[in-house]
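Here's the structure, in structure tokens; my notes come after.
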Amino acid sequence: MTLSHLRPAAFLMSAAMVVAALAATAGARQQTPAPQTETKPIVRPIPAPPDVAAPPADAAKTKSGLATMVVTPGTGADRPKADDIVTVHYTGWNTKGEMFDSSYTRGRPSTFQLNRVITGWGETVQLMVVGEKRRAWIPEELAYKGRPDRPQGMLVFDIELLSFMANPTTAPDDVAKPPADAQKTKSGLSYKVLKAGTGTDHPKRSSKVTVHYTGWTTDGKMFDSSVAKGQPATFPLDQVIPGWTEGVQLMVEGEKTRFWIPQRLAYDGQQGMPSGNLTFDVELIAIQK
């Protein structure tokens, strides 16, 4: 656990390591969606829509040449950003109506970082809200650009956006300093509740807690993230940096809070540790009994 004074600095994840971990967690090591060569042969292809050969006249077109049409309206209000992590169901066909990939036939949705997929996919999903199903006609220059190992020409996808989350490697806009509406303790710790919790009890200094967290330096460089690792962290609250020990005691289970921790309450010049003031997003998952 990198927050502890007692553990070696070798456990810190560099930004590059986190991006690699995130890609592995999100299933984004390849330019998905792409043909699945390691899965069993698809026995029952999903039939292509009748307009697979070309977008209909009422399809919306963007300046890039992408054409899309809403098949089923969504229930959400927000739309993913370019580097968000999305979970989707999808099926892809060429313009002859031949299906080359589908998460439906594999029986599970796909999760990946949106800026790691083909350009037309990234642009399409940024137009969508959760619960929406959209059909996209993606020109070759926005798809695989003639790569011999990928589907050729214009591609057609039906995409259903199930959920999305912010990329933990992306620093918040107020990473450099606490905003005016942040609260401040006598020690100099600043904090702001991002999501209210459902619990009623607060952990004690001696408590062991399970959390998800991401930490940045004030210039926006992420140095560690349990979210990127895909696994929450559990540790005794009295064995972490003072800003964490104090801050997490203010929280209840289910709460997510942003902390701006002054250097003296962080690593305070420890060699090999992040220097200066630090900013953390912390979600308190559980207080261990």
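Nothing in this text is a laboratory measurement; each read-out follows from the coordinates by a stated rule. Because the structure is a prediction, the values reported are computed rather than measured. Cβ placement follows ideal geometry from the backbone for every residue including glycine, while neighbour counts extend to all protein chains displayed.
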Which of SER64, ALA82, GLY153, positive extreme of dipole for the range 31-165 (C-beta unit charges): GLY153
Residue pairs, from the table LYS208/LYS256; LYS63/LYS229; LYS81/LYS204; LYS133/LYS229, whose Cα atoms sit over 27 Å apart: LYS63/LYS229; LYS81/LYS204; LYS133/LYS229
Give the dimensionless ratio obtained when the Cα radius of gyration of the chain is divided by 2.2 N^0.38 Å. 1.18
According to the square roots a ≥ b ≥ c of the eigenvalues of the Cα gyration tensor, what is the shape class of the range 31-165, taking rounded for a/c under 1.5, prolate for a/b larger than b/c otherwise, and oblate for the remainder? rounded
For the range 65-144, what does the alpha-carbon gyration tensor say about shape, rounded, prolate or oblate, given a ≥ b ≥ c as the root eigenvalues, a/c under 1.5 as rounded, and a/b over b/c as prolate? rounded
Any idea which of TRP137, THR124, GLY97 is furthest toward the positive side of the dipole for the range 40-181, if Lys and Arg beta-carbons carry +1 and Asp and Glu beta-carbons -1? GLY97
In degrees, nearest 10, range 0 to 90: what is the angle between the Cα axis of helix 15-26 and the longest Cα principal axis of the chain? 50 degrees
Proxy exposure order for LEU278, LEU194 (fewest C-beta within 10 Å first) is LEU194, LEU278
Within 12 Å, Cβ to Cβ, of HIS89, how many net charges do the neighbouring residues add up to if Lys/Arg are +1 and Asp/Glu are -1? 0
Let me know the charge dipole size of the chain about its Cα centre in debye, to the nearest 20, where only the beta-carbon of Lys, Arg (+1) and Asp, Glu (-1) is charged. 400 debye
